[in-house]
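**Student:** One structure coming up, written as structure tokens, with questions to follow.
The values are calculated or read from the model by the stated rules, or taken from the named source; none is laboratory data. If you're wondering where the values come from, they're calculated on a predicted model, not measured in any experiment. Virtual Cβ from ideal backbone geometry, glycine too; neighbours counted across all protein chains shown. Remember, those area values only see protein heavy atoms, side chains included, never the ligands or the DNA or RNA. Shrake-Rupley method; radii C 1.70, N 1.55, O 1.52, S 1.80 Å.
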Amino acid sequence: MCARQAERLTDRPDAAEAPPTTWEDDMRIFVIGAAGGVGRRLTAFLTESGDRVSGMHRRPEQASDIRAAGGSPVAGGLVADSVSELAGRVRGHDAIVFSAGAHGTGISQTTAIDGDGLEKAARAAVEAGVRRFVLVSAMPEAGRGGQPVERFEHYMAVKKRADAFLVTTPLDWLIVRPGTLTDSAGTGAVRAGLALVYGAVSRDNVAAFLAAALHAPRLSRAIVELTDGPTPVAQAVQHVVRTMGR
């Protein structure tokens with residue numbers, strides 16, 4: 001289902017020739033950061049394909065954005081909520097996607113949301129019995145090339161610590177590290193692998209890849225890097241699975 005929708009983003013003639021894949025249909029997915037650029041797009045992909053999405057938001061005005069994407073708004077906050085409160089919100093879902101971020105609001109907020117918030121959400125997933133956990137992280141090379149900026153260096157360090165924490169959990173985790181995010185129109189085609197040369201990737205394509213990956217149970221306990229590229233997302237997911245020998 002998600003694969004078919006992702007393929008509609010591209011006019012490549014070989015998009016419809018992706019090998020058949022068995023997807024788990026009609027999942028209940030909890031998106032943390034559902035009002036963000038990737039989260040809104042992912043919510044739309046999933047709900048249009050038949051999944052049910054609960055989208056957590058902190059500010060009341062964000063609820064309308066989540067509804068517009070097809071999701072059900074859930075008020076909550078990574079900073080204010082306890083682990084048990086978060087566990088109560090995510091309980092009963094099949095998977096959690098963490099795409100929240102401080103978005104340049106300061107070093108302390110980056111630590112609280114991208115770092116401590118991720119750890120809190122992962123602990124909540126364990127407590128609630130939600131095993132599938134997908135984290136949207138960042139390529140280590142993203143944003144490099146200029147003079148070092150303390151706030152950005154802190155952000156990258158926090159993202160790496162969050163990745164390192166998640167891999168120690170018993171969750172069925174998947175870490176997706178996109179290159180520099182753009183608002184270019186999605187093509188539905190990407191380059192995905194366990195290690196890639198750095199590049200940019202549209203938020204549309206990140207969301208399409210996440211939607212397909214959520215429905216690929218063998219793509220788990222792996223760190224996948226992602227850029228724009230030539231391969232339809234459904235095929236890219238299966239390529240990574242084959243690379244992992246699964």
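**Student:** Whose amide H sits under 5 Å from the amide H of residue 135, counting only residues 5 or more places off or on another chain, with H placed in the peptide plane?
**Tutor:** Close amide H contacts, sequence-distant or interchain: 98, 174, 175, 176.
**Student:** Would you mind classifying the range 88-246 by shape? Square roots of the alpha carbon gyration tensor eigenvalues, ordered a ≥ b ≥ c; an a/c under 1.5 is rounded, otherwise it is prolate if a/b is larger than b/c and oblate if not.
**Tutor:** Oblate.
**Student:** Starting from the 7 Å offset along Cα-to-Cβ, what nm value, one decimal, do you get for the label separation of residue 119 and residue 149?
**Tutor:** For residue 119 paired with residue 149, the spin-label model returns 2.6 nm.
**Student:** Label residue 242 and residue 59 with points 7 Å out from Cα along Cα→Cβ: what is the distance between them in nm?
**Tutor:** Each label point is offset 7 Å from its Cα along the Cβ direction, giving 4.5 nm.
**Student:** Could I ask something else about it? Just read off the accessible area of residue 244 with the full protein assembly in place, 1.4 Å probe, to the nearest 10 Å².
**Tutor:** 40
**Student:** What translational diffusion coefficient, to the nearest whole µm²/s, does the range 158-246 have by Stokes-Einstein, given a Kirkwood radius computed over alpha-carbon pairs, a temperature of 10 °C and 1.306 mPa s viscosity?
**Tutor:** Values: Rh = 13.1 Å.
Answer, rounded: 121 µm²/s.
**Student:** Radius of gyration and Dmax for the range 49-175's Cα atoms, expressed in Å?
**Tutor:** 15.0, 46
**Student:** Can I ask one more? Using DSSP to call loops (not H, G, I, E or B), can you name the GluC sites (Glu not before Pro) in the range 127-218 whose Cβ has at most 16 other Cβ atoms within 10 angstrom?
**Tutor:** Answer by residue number: 141.
**Student:** Dipole magnitude of the chain about its Cα centre, charges +1 at Lys/Arg Cβ and -1 at Asp/Glu Cβ only, in debye to the nearest 20? The partial results should precede the final answer.
**Tutor:** On the way: 28 positive and 27 negative charges, 66 e Å.
Charge dipole of the chain: 320 debye, to the nearest 20.
**Student:** Calculate for the chain the 222 nm mean residue ellipticity that helices alone would give, adding -39,500 (n - 2.57) per DSSP H run of length 4 or more and normalising by residue count, nearest 500 deg cm²/dmol. Write out the running numbers ahead of the final one.
**Tutor:** Working: 9 runs with 87 residues, N = 246.
The per-residue figure over the chain is -10500 deg cm²/dmol.
**Student:** Let me ask something else about it. Would you grab the residues whose amide H sits under 5 Å from the one on residue 95? Only those 5+ places off in sequence or on another chain, please, with H modelled 1.01 Å from N.
**Tutor:** 28, 30
**Student:** How long is the gain from residue 103 to residue 164 if the chain were fully straight, where each residue apart is worth 0.36 nm and the alpha carbon distance is subtracted?
**Tutor:** Details: separation 61, 0.36 × 61 = 21.96 nm, distance 2.07 nm.
Extending this stretch completely gives an extra 19.9 nm.
**Student:** Any chance you could look up the accessible area of residue 152 with a 1.4 Å probe, heavy atoms only, rounded to 10 Å²?
**Tutor:** Approximately 60 Å² for this residue.
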